[in-house]
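These notes are about the structure you will find just below.
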Amino acid sequence: MSITTNIASLQAELAPIAVTLVAVSKTKPNEEIMEAYEAGQRIFGENMVQELVDKHEQLPKDIEWHLIGHLQTNKVKYIAPFVKMIHSIDSLKVLKEINKHAERNKRVIDCLLQIHIADEDTKFGLDHAELIELLRDEELAELKNIRICGLMGIATNSPNPKIVKEEFYELKMLFDGVKASYFRKDDAFSILSMGMSADYKLAVEQGSNMVRLGSTVFGKRVTKHFKLKDDNNKES
């Protein structure tokens, strides 16, 4: 099936139930992204900062770019001028750095707090105690150039749907509890980003309203490496 057909099928499936599709375009060439764009897709997700910067420079400016991969503080400055949403916040330190660069660019950047829900040490994210500690920190209220819009989680990479379903269920319960306790009057806190190509149907069943789909849209990925250039145009 073509990318155009995939986009049409996914939008027909997801739009009626108010689930937002983030097309994960990491390692994909601009030609394939443009095919998805011309099929009506406007939200794309990237894992690597330099790849995101390169594509933003080369592709239509009405694309809404999401960073879905882990973000180091020293790379925030590269994406702060344009990124729409960062899914992978796992510390107050990172939020403060995003706020600093957002303020310099006279922007407010939407952020999701990443929660560690998988039974795997390799995945990033806050545990429940760390999340509550962050939400209660007085410094958080002082960050006026970031907007916390919800939570994000990545389930265990398991063929057992029961495990994955339980992890998504727990994240939805956490999302509901956090909203009731800390964001009751904040309409912006409304996004639960969970579900990728292998498990998005389970995620939607458990209450996800934003899914991050790569191979379902584009097919299998080809690995490609990007290098960052610092302010002196040297690669790092």
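The values are calculated or read from the model by the stated rules, or taken from the named source; none is laboratory data. These numbers were taken from a predicted model, which means no experiment stands behind them. Note that we place each Cβ from the backbone using ideal geometry, even for glycine, and neighbour counts take in every protein chain shown.
Among the residues of the range 79-91, is there at least one that is of a type in the set (Val, Ile, Thr) and either more than 26 Å from residue 192 (Cβ to Cβ) or surrounded by fewer than 19 Cβ atoms within 10 Å (Cβ to Cβ) (or both)? Looking for residues that are of a type in the set (Val, Ile, Thr) and either more than 26 Å from residue 192 (Cβ to Cβ) or surrounded by fewer than 19 Cβ atoms within 10 Å (Cβ to Cβ) (or both), one finds none in the range 79-91, hence no. Screening 123, 227 for residues that are in a loop (DSSP other than H, G, I, E, B), modelled with pLDDT under 95 and in contact with a helix residue (DSSP H, G or I) (Cβ under 8 Å, 6 or more places away or on another chain) leaves exactly one candidate, 227. Scanning the range 116-139 for residues that are loosely packed, with under 14 Cβ neighbours inside 10 Å and either touching a His at 6+ places or on another chain (Cβ under 8 Å) or of a type in the set (D, E, K, R) (or both) gives 119, 120, 121, 127, 133, 136, 137, 138, 139.
Given the criterion within 22 Å of residue 79 (Cβ to Cβ), under 19 Å from the mean Cα position of the chain (by Cα) and assigned to a helix (DSSP H, G or I), identify the matching residue among 93, 100. Answer to the check: 93.
Does the range 188-195 include one or more residues that are over 24 Å from residue 82 (Cα atoms) and among the hydroxyl-bearing types (Ser, Thr, Tyr)?
no
So, in the range 65-78, of the ones that are assigned to a loop (DSSP other than H, G, I, E, B) and of a type outside the set (Val, Ile, Thr), which residue ends up surrounded by the fewest Cβ atoms within 10 Å (Cβ to Cβ)? If we take residues in the range 65-78 being assigned to a loop (DSSP other than H, G, I, E, B) and of a type outside the set (Val, Ile, Thr), then 72 is surrounded by the fewest Cβ atoms within 10 Å (Cβ to Cβ).
Going through (1) out of contact with any Lys or Arg (no Cβ under 6 Å at 6 or more places or on another chain); (2) touching a residue at least 40 places away in the same chain (Cβ under 8 Å) one by one, residue 49 falls short only on (1). Looking across the range 190-203, the residues that are surrounded by fewer than 19 Cβ atoms within 10 Å (Cβ to Cβ) and of a type outside the set (Ser, Thr, Tyr) come down to 198, 201.
I'm trying to understand the selection: among the residues of the range 1-19, which are closer than 14 Å to residue 200 by Cβ, in contact (Cβ under 8 Å) with a residue 40 or more places away in the chain and not β-branched (Val, Ile, Thr)? Passing the criteria: 6, 10, 14. Only one residue in 107, 147 is touching a strand residue (DSSP E or B) at 6+ places or on another chain (Cβ under 8 Å), charged (D, E, K, R) and not in a helix (DSSP H, G or I), so which one is that? Checking each option against the conditions leaves just 147.
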